[in-house]
């Protein structure tokens, strides 16, 4: 395995492009170098950040209950009716509105919903040990934008220094058995504020001594744009963004992006806190996002291609769009000034 010299910041960025749908060769080079570093000397591993309580005592902030647990699959997933919250898996995801409502659904629908929520909880919490129980090597590779599988041990080593980004399941539809021990469903979810939809393929396996559904892979699917979403066209040309509408009146936004350059670009959307400059994305030494920078969403747009970015639940304020993909010299396009802003009023 070639040990490329890859900035940890780029590894973090690659992870945050999870499920982007455009798996470019440079992502695989990043993954290769990152894995080599992790396995050779543990360079990418580190102790978790401890947050002190704000009560003056210096005590650690209590850890909230984890929803990252292995849901127990139903004994039968054909024509079985159950309430999500009544199953062991439902107990694990009871904090979510769908589980709390205890709506009766088919056994398979309930099982896959519980598993999807457990997986997104693991991702949100940065719980790598829990995630590897519920996902395959193939899917973990997809999380890093690669078609190369990632073993459980390698994923755990890589994930320890990556930024935690909130995930949330919005809907699980069309759950079907595709075989005795296989199933599929259409899952719509958010990462940060971005809406994504994918066809998730599962296999039934024994996990922690009982039957469970394991996510094998995801195939990106088209996102349904809310009818009330504000819409804006984005043109990428000459290493610059041009927005047709930079003042939006809805917290749900759909960007249609056209890349007229002959190289890949991205829309990497963040929100900067007061006093934080966009250059912090270039100077931050660690693998995580800099302090004061919140991930909102991302889409990669291939050379002379098109893309779409759907965001939801944006609060009023200013948001920044940058391109952190490297140019031919390996320098992020942001370093050349590829940045712009939009506001939600």
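Since every read-out is calculated from the coordinates, none of them should be taken as a lab result. Small disclaimer: the values here were computed from a predicted structure and weren't measured. In this analysis, Cβ positions are derived from the backbone assuming ideal geometry, glycine residues included, and neighbour counts consider all displayed protein chains.
What order do you get for 200, 213 when you list them from fewest to most C-beta neighbours inside 10 Å?
200, 213
Going by the alpha-carbon gyration tensor, a ≥ b ≥ c the square roots of its eigenvalues, is the stretch 268-333 rounded (a/c under 1.5) or, if a/c is not under 1.5, prolate (a/b greater than b/c) versus oblate?
Taking the square roots of the gyration eigenvalues as a ≥ b ≥ c, the stretch 268-333 is oblate.
Give me Rg/Rg_expected for the stretch 190-269, where Rg uses Cα atoms only and Rg_expected = 2.2 N^0.38 Å with N residues.
Cα-based Rg divided by the globular estimate yields 1.58.
Kindly provide log₁₀ I(q)/I(0) values, in the same order as q = 0.10, 0.11 Å⁻¹, from the Debye equation applied to equal alpha-carbon scatterers of the stretch 155-307.
Here the Debye-derived log intensity ratios amount to -0.51, -0.62.
Out of all DSSP beta bridges in the stretch 226-344, what portion is antiparallel? Express it as a percent rounded to 5.
75
Just report the Cα centroid separation between the stretch 269-312 and the stretch 108-131, whole Å.
Here the two parts' Cα centres lie 25 Å apart.
Is the C-alpha gyration tensor of the stretch 216-306 telling us rounded, prolate or oblate? Criteria: a/c under 1.5 is rounded; beyond that, a/b larger than b/c is prolate, otherwise oblate.
Because its axes are fairly even, with a/c under 1.5, the stretch 216-306 counts as rounded.
Using a/c under 1.5 as the rounded threshold, could you call the stretch 127-193 rounded, prolate or oblate? The axes a ≥ b ≥ c are square roots of the C-alpha gyration tensor eigenvalues, and prolate needs a/b larger than b/c, oblate otherwise.
Details: a/c = 2.25, a/b = 1.33, b/c = 1.70.
Cα axes put the stretch 127-193 in the oblate bin.
Could you put 147, 327, 264 in order, starting from the residue whose Cβ has the fewest other Cβ atoms within 10 Å?
Numbers: 147 10, 327 16, 264 21.
Final ranking by Cβ density, sparse to dense: 147, 327, 264.
Where does each of 260, 329, 160 land when they are ranked from fewest to most other beta-carbon atoms within 10 angstrom?
Numbers: 260 13, 329 6, 160 17.
If I rank by nearby Cβ atoms, fewest first, I get 329, 260, 160.
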